[in-house]
Amino acid sequence: MKNRTPADSSKTLPSPPPLSRWVAYLAIGSVLAVLAVLVGHYLFGFATGTRFNTDQWSAAGAWVAGGGAIVLALVTVWQTHRANQQARAAEGRARSDAAAARRQARSDAQDTRWRHWQEMAAAEQRHRNELNDANDRVARQIKYEWYREQARAVASIWDAVGRSMEPISRLAQVIEELIAVSGANPMTHPACHKARNAVSETYVVWRFQLLEVLTVITTAEMLIDEKSKLAEQIDSLKGRVQRHIQDGMAFKNAAMKNAGGAGAAGFMKDINEFLELREPMTREVRKLLASTTNTPRPETAGAVSTTSSK
């Protein structure tokens, strides 16, 4: 609602005529009254043949002066009353304006407090949102770094598997050579002795390399969530490696004792079983890295397949 101003309040009562105008009206009225009395007197004297004497005229002048004084007193009283009315009206307007100013001040203060509260609430909400965003970024970054460590662990596994390919193939080869030499010569023949030495030396290298694969797998298991699909794939690879170690030990012992161990030719099948898990594990690592948004994606996932292909 629009507040009333003193300028608007001044229009509630009309301004009285100035005192000079009332005096002019009174003078004109008095002159007209005197003229009317004179005209009436002369008309009365003309009609009746009588005239006022000096005393009568003096009395008439006194009555006229008294009437003028009464009229002047009434005008003065009315002017005073009118001035009092205007003063009271001005005082009322002043009180009304003061009350309106107080109401406006309270309203402005309330508006100021409300705006301040809104600004504080908005600032607090912005701070809360920024804090939540920062926490989300930190959580995503931590999760992303965790996944990167898992990717590195998987890459290390396939590096170790890749390095074991040559010892596996070499062990199968020397066992087959021992079987061939032992079949053609007695066990005491120098060629058989040399072939057994080659099997023993190759077995040491082969076992060392396969144990390294198991060590890298154990390290990766400490980083990867045991309930994840990637953990299941790593556990499957671990079982295959352990089974291969047991078979390799049995084939080696059989070949060293009685030229047995013909099953070593199946080592290549074990290698293929190892490699069957490489692509699924690589895809799983890529899924983990892609699950964290708004973070740069390194080339770690590509390194898994590239490095392990050696």
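The values are calculated or read from the model by the stated rules, or taken from the named source; none is laboratory data. On a predicted model such as this, the values are computed, not experimentally measured, just so you know. Cβ: placed from backbone, ideal geometry, glycine included. Neighbour counts: every protein chain shown.
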- prompt: Quick check: anything in region 234-257 within 39 Å of the chain's Cα centre (by Cα) and at pLDDT below 85?
  reply: no
message: With the structure loaded, tell me whether V174 is within 30 Å of Y147 (Cα to Cα), surrounded by 20 or more Cβ atoms within 10 Å (Cβ to Cβ) and touching a helix residue (DSSP H, G or I) at 6+ places or on another chain (Cβ under 8 Å) or whether it fails that test.
response: no
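One line per residue, one yes/no per condition, for (1) of a type in the set (F, W, Y); (2) in contact with a Phe, Trp or Tyr (Cβ under 9 Å, 6 or more places away or on another chain); (3) within 15 Å of H244 (Cβ to Cβ); (4) assigned to a loop (DSSP other than H, G, I, E, B):
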position: V204; (1), (2), (3), (4): no, no, no, no
position: R207; (1), (2), (3), (4): no, no, yes, no
position: L211; (1), (2), (3), (4): no, no, yes, no
position: M222; (1), (2), (3), (4): no, no, no, no
position: K227; (1), (2), (3), (4): no, no, no, yes
position: L230; (1), (2), (3), (4): no, no, no, no
query: Of (1) over 20 Å from R163 (Cβ atoms); (2) of a type in the set (V, I, T); (3) at pLDDT 90 or above, T188 satisfies all except one. Which?
result: (3)
- request: Hey, can you tell me all the residues within region 258-289 that are among the small types (G, A, S) and either modelled with pLDDT of 85 or more or outside any helix (DSSP H, G or I) (or both)?
  value: A259, G260, G261
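Looking only at region 114-136, decide whether some residue is small (G, A, S), in contact with a Ser or Thr (Cβ under 6 Å, 6 or more places away or on another chain) and modelled with pLDDT of 85 or more.
no
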- prompt: Of all residues in region 65-82, which are exposed (fewer than 12 other Cβ atoms within 10 Å of the Cβ) and among the aliphatic types (A, V, I, L, M)?
  reply: A65, A69, I70, A73, L74, V77
task: Return only the number of the condition from (1) of a type in the set (S, T, Y); (2) under 18 Å from T282 (Cα atoms); (3) more than 39 Å from the chain's Cα centre (by Cα) that Y144 does not satisfy.
output: (3)
field: Looking only at region 127-157, and only at residues there that are touching a residue at least 40 places away in the same chain (Cβ under 8 Å) and among the basic types (K, R), the one that is farthest from V216 (Cα to Cα)
entry: R137
Failed criterion for T215 (all others in (1) β-branched (V, I, T); (2) at pLDDT below 85; (3) surrounded by fewer than 15 Cβ atoms within 10 Å (Cβ to Cβ) hold): (2)
statement: Flagged pairs (Cβ under 8 angstrom, 6 or more apart or on separate chains; first in region 272-297, within 12 Å of K143 (Cα to Cα); second modelled with pLDDT of 85 or more and aliphatic (A, V, I, L, M)) are L288/A151; L288/L230; L289/A151
message: With the requirement that a residue be closer than 18 Å to A254 by Cβ and either free of Cβ contacts under 8 Å to residues at least 24 places away in the same chain or surrounded by 14 or more Cβ atoms within 10 Å (Cβ to Cβ) (or both), what does region 187-200 give you?
response: C192, H193, A195, R196, N197, A198, V199
